[in-house]
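A quick write-up on the structure given underneath.
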Amino acid sequence: MKQTFSETFRAIDARATELADDALRRILVVDDESTIRIALSRFLRTRGFEVETADSGDAALQALRASRFSVMVCDLRMPGVSGLTVVPRALEIDHDLGIIMLTAVNDATSATDALSSGAFDYLTKPVELMDLQAAVERALVRRLRAMERRAVDRLIREEVAARTVALEREKTALRDLTVSIAETLINAMEAKDVYLRGHSHRVAEVGAAIALELGLPGAEVEHVRLAGRLHDVGKIGIREAVLNKSGPLTDEEFAHVKDHVRIGIDILAPLQHLGSALEYVQDHHEHWDGRGYPRGIAGEAITLGGRILTAADAFDALTSKRAYRDPMTPAATLDYLRTQTGRLLDPRAYDALGIVIRRGNIPDVPHIG
Ligand SMILES: [Fe+2]
């Protein structure tokens with residue numbers, strides 16, 4: 001729903017006119033004395049108003065519930081429900097009702113009370129008819145303004161809500177696009193290396209399964225999955241000769257490989273909407289005992305998402321074939337990784353890894369049995 005401002009204001013005008021026509025001319029006169037009811041309503045009718053009368057506070061509230069009025073002229077002192085009691089109840093029924101109280105000359109305190117409980121104005125008896133007309137007109141103008149203001153507020157709220165939805169949709173589309181670009185990079189990189197093919201996808205799926213097993217909320221599970229898909233994007237910046245080297249790495253080469261975490265963060269950092277997924281990518285080579293990289297942090301100082309990715313990454317690396325060795329079986333891998341809990345792995349992440357691998361329902365991921 002996109003409206004130009006002139007359309008918005010035309011809609012406000014139309015709504016205001018509709019409201020004005022609706023109840024503008026209807027007045028409720030409330031007094032227990034019939035002479036006053038008759039005199040005031042006769043005068044107001046000659047001024048073109050449609051008038052109804054009520055002889056008590058209860059009758060007034062009933063009339064307000066039954067139909068709409070723009071103004072209520074109401075006696076303050078009445079037997080039964082007094083005018084002071086009627087005011088807040090009447091405003092509950094119609095928030096915009098203009099209320100004009102009629103008071104005795106010596107009753108200024110009650111008049112002030114009526115005003116503070118929401119009455120618009122008061123007139124002292126005997127009522128000067130010209131004063132009544134002026135007060136009614138002022139009440140009508142105020143009521144109309146209040147209704148217009150609310151109509152504008154509502155239209156603005158609707159407009160803002162519609163634009164927020166559109167913006168959210170654009171943000172989601174942008175996020176999907178940037179993620180798919182990053183994934184294209186990763187796929188291109190993995191395609192060059194037969195041993196890496198599908199690695200990021202499997203780390204993402206195992207990581208998400210562990211996150212779910214640990215009871216993380218849905219949005220966090222998705223952040224872990226996303227981080228799994230993107231965790232090695234920085235390998236784009238690593239020399240191919242080093243990446244594909246089958247023998248042991250020199251210190252210089254290992255330092256170069258470690259740099260893939262920093263390069264990955266540099267690539268992903270502008271994508272602020274990735275949220276905590278970025279931190280998980282940054283932490284995927286940290287070790288529980290603090291001997292990992294890039295920061296060498298330990299234990300719970302490492303994000304849980306990072307610890308989950310470390311477990312998923314280790315599992316996939318060991319169960320994948322390498323140029324220099326055959327893949328390990330899932331059972332042997334879990335046995336080996338158990339020896340790494342408290343060193344490489346967070347024991348909680350390891351336990352959840354064991355559960356999801358034994359359950360064996362993650363597509364493309366080897367399982368036991
Ligand atoms: Fe990595």
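Values in this text are rule-based calculations from the coordinates and carry no lab data. Keep in mind it's a predicted model, so treat the numbers as computed, not measured. Virtual Cβ from ideal backbone geometry, glycine too; neighbours counted across all protein chains shown.
Taking Lys171 as the anchor, which lysines have their alpha carbon closer than 25 Å to its alpha carbon, excluding any fewer than eight residues away along the same chain?
The qualifying lysines are Lys2.
About the Cα centre of the chain, how large is the charge dipole given +1 on each Lys and Arg Cβ and -1 on each Asp and Glu Cβ? Please answer in debye to the nearest 20.
I would put it at about 620 debye.
According to a simple spin-label model (label point 7 Å from Cα along Cα-to-Cβ), what is the distance in nm between Asp351 and Glu252?
4.6
Quick query: amide H of Val51 versus all other amide H atoms, modeled in the peptide plane; which residues come in under 5 Å with a sequence gap of 5 or more or a different chain?
Residues meeting the amide H criterion: Ile27.
For a paramagnetic label modelled at 7 Å from the Cα of Glu137 toward its Cβ, which residues of the range 94-108 fall within the zone defined by backbone nitrogen distances under 19 Å?
98-101
How long is the gain from Lys171 to Glu92 if the chain were fully straight, where each residue apart is worth 0.36 nm and the alpha carbon distance is subtracted?
Gain in length upon complete extension: 24.2 nm.
What residues have an amide H closer than 5 Å to that of Val30, excluding those fewer than 5 places away on the same chain, when H is modeled at 1.01 Å from N in the peptide plane?
Sorted by chain and number, the residues that satisfy this are Ala54, Val73, Cys74, Asp75.
So, with +1 on the Cβ of K and R and -1 on the Cβ of D and E, and no other charges, what is the size of the charge dipole of the range 143-278 about its Cα centre, to the nearest 20 debye?
Result for the range 143-278 is approximately 800 debye, rounded to the nearest 20.
Sort His95, His285 so the one with the fewest other Cβ atoms within 10 Å of its own Cβ comes first.
His95, His285
Report the longest stretch of the chain that contains none of the GluC sites (Glu not before Pro) sitting in a DSSP loop with at most 14 other Cβ atoms within 10 Å.
Result, exposed sites excluded: 129-369.
Is the shape of the chain best called rounded, prolate or oblate, per the rule: a/c under 1.5 gives rounded, else a/b larger than b/c gives prolate, else oblate, with a ≥ b ≥ c the square roots of the Cα gyration tensor eigenvalues?
Prolate.
Setting aside same-chain residues fewer than 8 positions from Lys245, which lysines have a Cα under 19 Å from its Cα?
Answer for Lys245, where 19 Å is the Cα cut-off: Lys192, Lys235, Lys258, Lys321, listed by chain and number.
Counting Lys and Arg as +1 and Asp and Glu as -1, each charge on the Cβ, what is the dipole of the range 228-299 about the Cα centre in debye, to the nearest 20?
Rounded to the nearest 20 debye, it is 120 debye.
Between the DSSP loop rule and a limit of at most 14 other Cβ atoms within 10 Å, which trypsin sites (Lys or Arg not before Pro) in the range 245-321 are left?
Working: sites: Lys245, Lys258, Arg262, Arg291, Arg295, Arg307, Lys321; in loops: Lys245, Arg291, Arg295, Lys321.
Passing both the DSSP loop test and the Cβ count: Arg291, Arg295, Lys321.
Tell me the label-point distance for the pair Ile263, Ser180, using the 7 Å Cα-to-Cβ offset, in nm and rounded to one decimal.
Label-label distance for Ile263 and Ser180, simple model: 2.6 nm.
Mean-square fluctuation check for the chain, GNM, Cα pairs under 10 Å: which of Ile38, Ile355, Ile186 is largest?
Most flexible of the set in this elastic network: Ile38.
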